[in-house]
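The values are calculated or read from the model by the stated rules, or taken from the named source; none is laboratory data. Everything quoted here is computed from the prediction, not taken from an experiment. No Cβ is skipped: glycine too gets one built from the backbone with ideal geometry, and neighbour counts run over all protein chains shown.
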Amino acid sequence: MTKADEDAIRDIELRFNEAWGRHDADGMVESLTHDAQFVTVNGAWTTNRADYLDLMQRLHGADGPFRLSTRETPEMHLRFLAPDIAMMHSRFHIHGDIDESVRVGIGTRVVHKIGGRWRTVAVQNTDVRAGRRH
């Protein structure tokens, strides 16, 4: 649980955002384990890397709602649960979504250090809606 571990985990999120901006589905799944589970803000639940790759290819494809979007993560909070397991909560913004000009969400990412490399095993994203009580 070193500064290098923290940086490597935060870098997963930053690389995801970069791949998102390139609409590179392969880049978006690069940190996922083969059996990683991912729940999107709209409730799509994928239970493996291949299914998430397919979803991202469709969402970022020529007719997909994210085809022109970018993503940024201005806030990340990291917590180690064990030396090789951590979770990160993050606030993210998506700009240029076809359905919404700006989308704000909060994500939870669970990572596991496998073979010396941090890998994503689960993600849950939630939309933050304007006007809702917190």
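Consider region 78-110. How many of its residues are touching a strand residue (DSSP E or B) at 6+ places or on another chain (Cβ under 6 Å) and free of Cβ contacts under 8 Å to residues at least 12 places away in the same chain? Residues meeting the conditions: 2. Looking across region 2-39, the residues that are more than 14 Å from Q57 (Cα to Cα) and β-branched (V, I, T) come down to T2, I9, I12, T33, V39.
Checking T40, T33 one by one, the residue that is β-branched (V, I, T), modelled with pLDDT under 95, within 15 Å of V123 (Cβ to Cβ) and surrounded by 15 or more Cβ atoms within 10 Å (Cβ to Cβ) is T40 and no other. Here K113 fulfils each of the conditions (1) within 23 Å of T2 (Cβ to Cβ); (2) in contact with a strand residue (DSSP E or B) (Cβ under 6 Å, 6 or more places away or on another chain); (3) crowded, with 17+ Cβ neighbours inside 10 Å apart from (2).
For region 49-79, which positions are part of a strand (DSSP E or B) and either surrounded by 14 or more Cβ atoms within 10 Å (Cβ to Cβ) or acidic (D, E) (or both)?
T70, R71, E72, T73, E75, M76, L78
Looking across region 94-128, the residues that are aliphatic (A, V, I, L, M), under 26 Å from L59 (Cα atoms) and part of a strand (DSSP E or B) come down to I94, V102, V104, I106, V110, V111, V121, A122, V123. In region 94-103, of all residues being buried (at least 16 other Cβ atoms within 10 Å of the Cβ) and not small (G, A, S), the one that is farthest from the chain's Cα centre (by Cα) corresponds to D97.
Please work out which one of (1) farther than 15 Å from R71 by Cβ; (2) not in a loop (DSSP other than H, G, I, E, B) is the condition G43 fails and give its number. Among (1) farther than 15 Å from R71 by Cβ; (2) not in a loop (DSSP other than H, G, I, E, B), the lone unmet condition for G43 is (2).
Scan region 20-30 and tell me whether some residue there is at positive phi and assigned to a loop (DSSP other than H, G, I, E, B). Within region 20-30, one or more residues are at positive phi and assigned to a loop (DSSP other than H, G, I, E, B). Restricting region 10-23 to residues that are more than 12 Å from the chain's Cα centre (by Cα) and touching a residue at least 12 places away in the same chain (Cβ under 8 Å), which is surrounded by the fewest Cβ atoms within 10 Å (Cβ to Cβ)? This residue is G21.
Residue check: R91 meets all listed conditions (1) assigned to a strand (DSSP E or B); (2) under 18 Å from V128 (Cβ atoms); (3) out of contact with any Pro (no Cβ under 7 Å at 6 or more places or on another chain) but one, namely (3).
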